[in-house]
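Let me begin by presenting the structure, written as structure tokens, before commenting on it.
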Amino acid sequence: MVKFGPAGNSDSFYTDGYSSTLDTATWVKNKGLDVFEYSLSRGLTITDDLCIKLGKVFKENNIEITVHAPYYINFANPDDSMIEKSIGYILGSLKKLKLMGGNRCIFHPGSCGKLSRQEAFDNLLKNIKKLIKRVKEEGYDDMLLCPETMGKSQQLGTLEEVAKICNLDKMLIPTIDFGHINAFTQGSIKGEEDYDRIINYLIETIGYEKTKIMHIHFSKIEYGPKGELKHLTFEDDKFGPEFDGLANIIVKYKLSPIIICESKGTQAEDAIKMKKIYQNTMSQK
């Protein structure tokens, strides 16, 4: 089953009169959506008690929950003490996620800093192996770690790099952010053939089973010479990508990803648009 939902609450969540995170599951369900991505991007400040309460209301409403780990993570950092902090952020995110009843933790792999891209990526692979060992030692081997494709030139996380990361262990599946890929490659995603090329590459490199259940982030993103600048809404008609072609490819390959919308302020509304496009595509096959 393909599931759709927002990353965080849309502006309309608040204009509809809601304010508590505990209302999110009901709100998402009433919108006809299936999943919600909770952001831990600014830190692990949410209490364990609130995580448990969220897990209860999300379960009652049959809404899946995922989390995005803190932005501070950088597995390419040459400083071992900083790697320990990154590992700690992932372990902390997994603890919160398990209390919420979810099993997908999305994270940004890292950035080059002053290193060459190859040096940084070699560091990253070595340190992700350390992470996997620690995650299993802490008893979180039933969870999924989802490294994300990134949109800025100095960030690690091209399609090819994420595929290599995901081949390190069975618990790693990709977060394919098509807006990021489009921004990093200066607008390479024009239509269905481009989505087909990306999905085919994943099937060939990480296998069909991981590709089938991959995590997806989707939004239109403005970009410049160095990649991503800012997230947009589906109303934008200058920057891509468009979802229609991806919907066709998801149906073609019988994929069942979780699709999270990261539009700026309209993430729930644009997630609904994607779900309708997908359902229309399915009905025509």
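Just so you know, all these numbers are worked out from the coordinates, no wet-lab data involved. What you see is a predicted model; the values in this text were computed from it and never measured. Virtual Cβ from ideal backbone geometry, glycine too; neighbours counted across all protein chains shown.
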Those trypsin sites (Lys or Arg not before Pro) from region 95-162 that are DSSP loop and have at most 10 other Cβ neighbours within 10 Å turn out to be K114
When the chain is treated as a Gaussian network with springs between alpha carbons less than 10 Å apart, the largest mean-square fluctuation among N103, N182, N61 is found at N61
From fewest to most C-beta neighbours within 10 Å, the residues Y140, Y208, Y14 line up as Y14, Y208, Y140
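What number, in percent, do you get for the relative contact order of region 62-103 if the mean sequence gap of Cα pairs under 8 Å and at least 6 apart is divided by its residue count?
About 52 percent, as a whole number.
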Taking a ≥ b ≥ c as the square roots of the eigenvalues of the Cα gyration tensor, with a/c under 1.5 meaning rounded and otherwise prolate when a/b exceeds b/c and oblate if not, region 160-285 is oblate
Set K212/K252; K56/K273; K133/K170, cut-off 18 Å on Cα-Cα distance; pairs above it are K56/K273
Check: C-alpha center region 41-99 vs C-alpha center region 218-239, spacing in Å is 27 Å
Mean 1/r over distinct Cα pairs of the chain, inverted to a Kirkwood Rh in Å, yields 19.0 Å
Longest the chain segment clear of GluC sites (Glu not before Pro) sitting in DSSP loops (not H, G, I, E or B) with at most 14 other Cβ atoms within 10 Å runs 1-137
Once Lys and Arg are counted +1 and Asp and Glu -1 for all other residues with Cβ under 12 Å from that of D49, the total becomes +2
Highest GNM mean-square fluctuation among K53, K275, K212, for the chain with Cα springs under 10 Å, belongs to K53
In a Gaussian network model of the chain with springs linking alpha carbons closer than 10 Å, the residue among G207, G139, G179 that fluctuates most is G139
Relative contact order of the chain (C-alpha contacts under 8 Å, at least 6 apart) in percent is 20 percent
